[in-house]
Amino acid sequence: MSGGANLGYYTGLDIGGTYGRVMIEREDGSTDVYIDEGCAFNTEGEALGRGKYRALVEGAMKKFGTTPKMCLGICAAASGIDSPEALASCKSIFADMGFDRDRILIVNDCEIYLFSAGIPAMAAVVGTGSVCYGIDSLGKTHRAGGWNHILSDEGSSFDIGMKTIKRAAERLDGRGEETILVKLLADEEGITSPYKADIFVNKYIFDKSRIGKISLLCDRAARMGDSAATEILTECADNFSRVILDTYKKMNVMPHEVVRLTLSGGVILGCELFYKRLCLDIEREAPNVTAEKPKKSALETALLAARRFG
């Protein structure tokens, strides 16, 4: 157990579809971090989300040696907070755990990056899911994408994973050329026939993070020179660039305005080919948009927002 149990504190949470992270800063300036299972609120729903959020917070409080009542401000940047109803439900979860309702700030895990930017600005996250937000020069927020993995989430690890499995299934069905990708899927996941690919997808179709893990094999194959993997990553980057450009168009940006775009998420931070292709697309279509990776993590940014809000 960490020290400072009698001190007030601020806390930020970054709750993605795969991992949940909690960062605390006590009044004496000391910090600590706790990591556990995440939760995509729009996919898993309030009932399951309530249990996972409670487990995450209780695990963190136990490690930190503190309680919700001592919190001076809390900000949760959470995946799947896509409507006023979801926001209200999520806020009630933290209030029911004992946090002061007036000191609870809930935002989408992508939207959090707009808190550290001037206006106009944009933020896009490509991880287990994907979404893009923008705030125009009048302070109005706009959004595109991120409507879950069946309807949307273009370019996400789930999207890449599904395209990878489909490409391998085609080859295993006697269509297309042999690739490194097919061998990696066979060795790592036991997908050695279209039948086994079908079983795998049906088993995990609603488990975004499980299928999303296949994206790591696609990235590995691309770095080994596999053309099929390179095509998949390029296609997914192109598809998500359209989500960013759609958000940009909604903002009605003036020609003289420079827009800062923060790009984050596991796919962007972990797959250099995807990131470079995405930046190339944006530079070509919207030259007044400056794309960059975040200087601070979503978790650190959530903690800063908690301090300002609390």
Fill in the blank from the handout: Okay, helices (runs of 4 or more DSSP H) sitting entirely in the range 84-176 with 1 or more residues that are within 26 Å of Tyr53 (Cβ to Cβ), open to solvent by 30 Å² or more (accessible area, probe 1.4 Å) and small (Gly, Ala, Ser), I get 84-96
Practice task
Those residues that are under 19 Å from Leu273 (Cβ atoms), of a type outside the set (S, T, N, Q) and part of a helix (DSSP H, G or I), I need them from the range 205-219; list them, please.
Solution key: Gly212, Ile214, Leu216, Leu217, Cys218, Asp219
Completion exercise
Ser264 vs (1) more than 16 Å from Gly155 (Cβ to Cβ); (2) open to solvent by less than 60 Å² (accessible area, probe 1.4 Å); (3) among the polar types (S, T, N, Q): all pass except (1)
Handout entry: Some residue of the range 3-26 being in a strand (DSSP E or B), of a type in the set (Ser, Thr, Tyr) and open to solvent by less than 40 Å² (accessible area, probe 1.4 Å)
Key = yes
Problem - Near pairs, Cβ below 6 angstrom, 6+ apart or cross-chain, from the range 99-114 (farther than 19 Å from Gly145 by Cα) to any residue that is of a type in the set (Gly, Ala, Ser) and surrounded by fewer than 20 Cβ atoms within 10 Å (Cβ to Cβ) - result: Arg101/Ala95; Arg103/Gly310
Exercise for the section: Could you look through the range 177-204, keep only residues that are of a type in the set (Ser, Thr, Tyr) and assigned to a loop (DSSP other than H, G, I, E, B), and pick out the one that is modelled with the lowest pLDDT? Expected result: Thr179
Exercise for the section: Return a yes/no flag: does the range 201-223 have any residue that is surrounded by fewer than 20 Cβ atoms within 10 Å (Cβ to Cβ) and farther than 22 Å from Ser156 by Cβ. Expected result: no
Problem - Verdict on Leu48 being open to solvent by 10 Å² or more (accessible area, probe 1.4 Å) and under 20 Å from the mean Cα position of the chain (by Cα) - result: yes
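So, of the residues in the range 27-39 that are within 16 Å of Val57 (Cβ to Cβ) and assigned to a strand (DSSP E or B), which turns out to be modelled with the lowest pLDDT? Step through it out loud before you land on a result.
The first filter runs over the range 27-39 and keeps only residues within 16 Å of Val57 (Cβ to Cβ), leaving 32-39.
Going one step further and asking which of them are assigned to a strand (DSSP E or B), we end up with 32-37.
On the way: Asp32: 96, Val33: 97, Tyr34: 98, Ile35: 97, Asp36: 95, Glu37: 92.
For the range 27-39, the residue satisfying everything is Glu37.
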Problem - Options Val253, Val258: the member that is more than 19 Å from the chain's Cα centre (by Cα) and free of Cβ contacts under 8 Å to residues at least 60 places away in the same chain - result: Val258
Practice task
Among the residues of the range 177-198, count how many are buried (at least 22 other Cβ atoms within 10 Å of the Cβ) and in contact with a Lys or Arg (Cβ under 7 Å, 6 or more places away or on another chain).
Solution key: 3
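The values are calculated or read from the model by the stated rules, or taken from the named source; none is laboratory data. Just so it is clear, the structure is predicted and the values come from calculations on it, not from any experiment. Note that each Cβ is placed from the backbone with ideal geometry, even for glycine, and that neighbours are counted across all protein chains shown. Remember, those area values only see protein heavy atoms, side chains included, never the ligands or the DNA or RNA. Shrake-Rupley method; radii C 1.70, N 1.55, O 1.52, S 1.80 Å.
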